[in-house]
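Have a look at the structure below before the remarks.
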Amino acid sequence: MAMNEAKLLSSEAMVVHLAFLPSAGLGHLNPCLRTAELFLRHGCRVTLITPKPTVSTAESNLIALFCSAFPSHQLTQLDLNLSPLDPTQVNTTDPFWLQFEAIRRSVHLLPPILSSLSPPLSAFIHDVTLISPLLPVTGTLCFPTYICFTSSARMLAFFAHLSVLAARSPGAKPCSFIGDAVEIPGIAPIARSSVPPLLLEPDSLFERIFMEDSPNLTKLSGIFINSFEELEEDALAALNDGRVVPGLPPVVALGPSVPCKFEKASSSKNCSGSIMKWLDEQSAESVVYVCFGNKTETRKEQIKGIANGLIECGYKFLWVVKLKKVDKEEEEELEGVLGNELMRKVEEKGIVVKTWVDQMEIVGHPAVGGFVTHGGWNSLVEAVWHGVPILSWPHNGDQKICSEVVQMCGVGIWAEEWGWGSLETVVNGEEIAKAIKEMMSNVSLRIKAKEMKDAARKAAGIGGSCEVKIKRQIEEWTVEEGS
Ligand code: G50
């Protein structure tokens, strides 16, 4: 049956039905699920297509929670059983990037799934890492296609503008056509040292995907992003008025992503009661929260420096330690790395956890007064949402470009001289303690963070920019379907 005919015959024709396809790692899964939840809350029907098997347990747990939070007439979950990927064919050993590639190579499995959905799809929304392989698929099926961009508007501007630079130097690689800084109209220059390291590595998988996808952004119907005007006014304006790349589709700022119903339902289970009880006993804004995301393992040679810094800084702390990239492999004990003596001192002053925590709940606790983070975009926006000052320590990828965003709007500091946390020099305890003290005692930082929190709450509140944009988007799809 032709698609239009199906729409006319279906009594549910005016229901907006969206399919979401997330990618690997919480940094990609979370924005996708939170965007899906926004549309579900506004009455849309959602089909969530989940690539299986997932890389980490944290991802499969989150998917299960999300699915159990909505009734089956609103949300359907379908598996995308990935074709096995021969790792020797791919230029990476990173399990998350291997999964990105495995999903890219499995998109041929999608057409039968997507075309059989009922009511027919109003739009297909997928992760940023899947752009080019999906274009022929969605093109044939005639769905408007959107991406969930999983980073800042500043990073999106960089990603989009690279196609302009590449077109000026045909055949050249980013490592040669990117100079000392990337100048993008309307956006503060991005230094070469802030560019994701793998983009400067010729023929890395990241470079290949990034460069293949960048020119294809203009073929999408729209880009959803977890940001808002007050946080990234200049970048959002430059993206939307054609200065970054002519012909870019609308960049719809749906942020800040707020803690969702499905995540809240899980908090009592995930966040162990003892952590929250300990936080309850601490005075307001007195605790430093340290966490480098769900897929950044801390190098063994850096662990002692962090432990010493935390002991020296004089504040209580809650430290989430990851010694392995993938949670399933985490078995080593911290004590083995720190030694008995240091471990004992650490435990006198703070709490160390190795398990997945409900970060939103922790960052939002009144006792937390500062957040030492790897500068992952979701973590930064969560800190902004709760008005908590940030000390960023970018480890890889887009994290420097994102750290610059919070630094520029005055809600965070960034220890630029530390370089890339997982690649460059080991930072000693003294320096770490100094930076933490600066974050915890800087009054202007705390005031700015509170102001940005108010702006964030307004954007996500009733009648705020997020709601206005969601309603406008749904209306657009409804009109398209009705016509
Ligand atoms: C993951 C990662 C490194 C990295 C990024 C990751 C980003 C995010 C935006 O998400 O930069 C982005 C990802 C892929 C892409 C374009 C943009 O093709 O490990 O830098």
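With respect to the chain, whose longest principal axis is taken over its alpha-carbon atoms, helix 429-441 is tilted by about 70°. Measuring nothing but how far apart in sequence close Cα pairs (under 8 Å, 6+ apart) lie, relative to its length, the chain scores a relative contact order of 16 percent. Counting only protein heavy atoms and using a 1.4 Å probe, the accessible area of His374 comes to about 20 Å². Close amide-amide hydrogen proximity is noted between Gly375 and Trp393, each under 5 Å apart and 5 or more residues distant or on a separate chain (H modeled in the peptide plane; Pro and chain starts excluded).
For the chain, the spherically averaged projection of the C-alpha convex hull amounts to 22.1 nm². Normalised by the number of residues in segment 268-458, the average gap of Cα pairs under 8 Å and 6 or more apart makes the relative contact order 26 percent.
Projecting the Cα atoms of Val406, Ala459, Trp393 onto the charge dipole of segment 380-483, computed from C-beta unit charges around the Cα centre, puts Ala459 farthest toward the positive end. Solvent-accessible area per residue in segment 268-458 equals 41 Å², computed with a 1.4 angstrom probe and all protein chains kept. The distance from the alpha carbon centre of segment 36-62 to that of segment 460-480 is 21 Å, rounded to a whole number. When peptides 174-182, 364-372 are sorted by average Cβ neighbour count within 10 Å, with the highest value leading, the order is 364-372, 174-182. Remark: segment 50-57, residue by residue, has Karplus-estimated 3J(HN,Hα) of 10, x, 10, x, 6, 6, 10, 5 Hz, where x stands for each Gly or Pro and the curve is 6.51 cos²θ - 1.76 cosθ + 1.60 at θ = phi - 60°. A 1.4 Å probe run over the protein chains yields, for segment 11-260, 35 Å² of accessible area per residue, whole-number rounding. When each of the peptides 81-94, 446-459 is scored by how many other beta carbons lie within 10 Å of its residues on average, the order from highest to lowest is 446-459, 81-94. Averaging 1/r over each pair of different alpha-carbon atoms in segment 132-203 and inverting the result gives 14.1 Å, the Kirkwood hydrodynamic radius.
Centroid-to-centroid, using Cα positions, segment 238-258 and segment 64-111 are 27 Å apart. Converting phi to 3J(HN,Hα) with the Karplus coefficients 6.51, -1.76 and 1.60 and the offset θ = phi - 60°, segment 333-348 yields 8, 4, 4, x, 7, 7, x, 4, 4, 5, 4, 5, 5, 4, 6, 5 Hz in sequence order, with x at every glycine or proline. How large, in percent, is the carbon and sulfur part of the accessible surface of the chain at a probe radius of 1.4 Å? Carbon-and-sulfur percentage of accessible area, whole number: 54.
Would you mind getting me the FRET efficiency between Lys173 and Thr218? Use the beta-carbon distance for r and R0 = 22 Å, nearest 0.05. Rounded to the nearest 0.05, the efficiency is 0.50. Over segment 11-260, all Cα pairs binned in 10 Å intervals from 0 give whole-percent P(r) values of 7, 30, 37, 21, 5, 0, listed from short to long.
Considering only Pro174, Val137, Ser152, and ranking their Cα positions along the charge dipole of segment 85-208 that arises from unit charges at the beta-carbon of Lys, Arg, Asp and Glu, the one farthest toward the positive end is Val137. Couplings for segment 108-124, taken from phi via the Karplus curve 6.51 cos²θ - 1.76 cosθ + 1.60 with θ = phi - 60°, read 5, 7, 7, x, x, 5, 5, 6, 9, 6, 9, x, x, 5, 8, 6, 10 Hz in order; Gly and Pro are left as x.
The values are calculated or read from the model by the stated rules, or taken from the named source; none is laboratory data. This one's a predicted model, so the numbers in the text were calculated from it and none came from an experiment. Cβ: placed from backbone, ideal geometry, glycine included. Neighbour counts: every protein chain shown. When the accessible area is computed, the model is the full protein with side chains, heavy atoms only, and any ligands, DNA or RNA have been set aside. Shrake-Rupley method; radii C 1.70, N 1.55, O 1.52, S 1.80 Å.
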